[in-house]
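The structure under discussion appears below in the form of structure tokens.
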Amino acid sequence: MDGSEFSPSSIPFIPDAPPAAPPALTQERLAATLHRRGARVVLDGDGDFGGRWNDHLIYILRPGKDREFLQVRGRWQRPAPASLLPRMLVTLNEWHVEKLFPKGYARIEGDSLGVYAEHTMSYEFGVTDAQIDLHLNWAISTTLRMFDHLDTVFPDVAAEGRALLTKADE
């Protein structure tokens with residue numbers, strides 16, 4: 001080598017400054033995002049937010065040892081009998097084949113069937129306000145889309161559920 005040839009070892013290593021981590025997920029930031037969105041929610045005794053969207057109960061939870069996860073969990077507010085479980089499982093499985101979100105599941109609750117949707121992300125390393133807003137928008141909208149699909153597949157159960165909610169609101 002005559003000194004004019006390139007050698008990677010001749011370039012000093014200068015690391016880039018690490019990017020600043022986004023701030024931690026906090027209840028205050030979550031509340032501010034919900035407020036900006038105009039969401040009508042209540043805070044329960046566990047520190048979780050809950051509200052109704054299109055007749056369905058949706059909770060916004062922060063599970064995890066350090067409450068680093070953000071989970072949106074919705075419940076299909078329809079009086080489905082437990083006997084619908086096999087058909088519901090097929091319907092939810094078909095949903096999962098076609099859609100990425102939300103995770104849907106059903107479980108027997110006494111004589112009835114509880115059907116849920118969840119979208120959970122870890123924000124262990126922080127989260128921006130835009131990410132919180134995106135998470136809530138995506139999780140709530142896809143949950144409602146899944147519930148609308150269930151209303152279409154189970155129209156009699158959906159009609160009965162809407163009637164019960166209307167009567168309760170009177």
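Where a number appears in this text, it was derived from the coordinates with a stated rule and is not lab data. Being a predicted model, the structure only gives us computed values, none of them experimental. Positions of Cβ are backbone-derived with ideal geometry, glycine not excepted, and every protein chain shown enters the neighbour counts.
Taking the stretch 99-157, which chymotrypsin sites (Phe, Trp or Tyr not before Pro) meet the DSSP loop condition and have no more than 13 other C-beta atoms within 10 Å? Spell out each step's value before the answer.
Working: sites: Tyr105, Tyr116, Tyr123, Phe125, Trp138, Phe147; in loops: Tyr123, Phe125.
Answer in residue order: Phe125.
What Kirkwood radius, in Å to one decimal, follows from the Cα pairs of the stretch 88-170?
14.7 Å
Between Ser83, Ser141, Ser122, which gets the highest mean-square fluctuation from a Gaussian network model of the chain, Cα cutoff 10 Å?
Judging by the Gaussian network model, the answer is Ser83.
To the nearest 0.05, what FRET efficiency results for Asp129 and Arg40 with a Förster distance of 25 Å applied to their C-beta separation? Walk me through the intermediate numbers first.
Details: r = 20 Å, r/R0 = 0.81.
Approximately 0.80, to the nearest 0.05.
State, to one decimal in nm, how far the label point of Asn137 lies from the label point of Gln27, with both points 7 Å from Cα in the Cβ direction.
2.7 nm
Give the shape of the stretch 9-98 as rounded, prolate or oblate, defined through the alpha-carbon gyration tensor: a ≥ b ≥ c are the square roots of its eigenvalues, a/c under 1.5 means rounded, and otherwise the shape is prolate if a/b is larger than b/c and oblate if not.
It is oblate, given that a/c is not under 1.5 and a/b is not larger than b/c.
Hey, could you get me the Stokes-Einstein D for the stretch 22-169, Kirkwood radius over alpha-carbon pairs, 37 °C and 0.692 mPa s, rounded to whole µm² s⁻¹?
Numbers: Rh = 16.2 Å.
For the chosen part, D equals 203 µm²/s.
Please compute the length gained on full extension between Ala163 and Val97, using 0.36 nm multiplied by the number of residues separating them and subtracting their Cα-Cα distance.
Gain in length upon complete extension: 20.6 nm.
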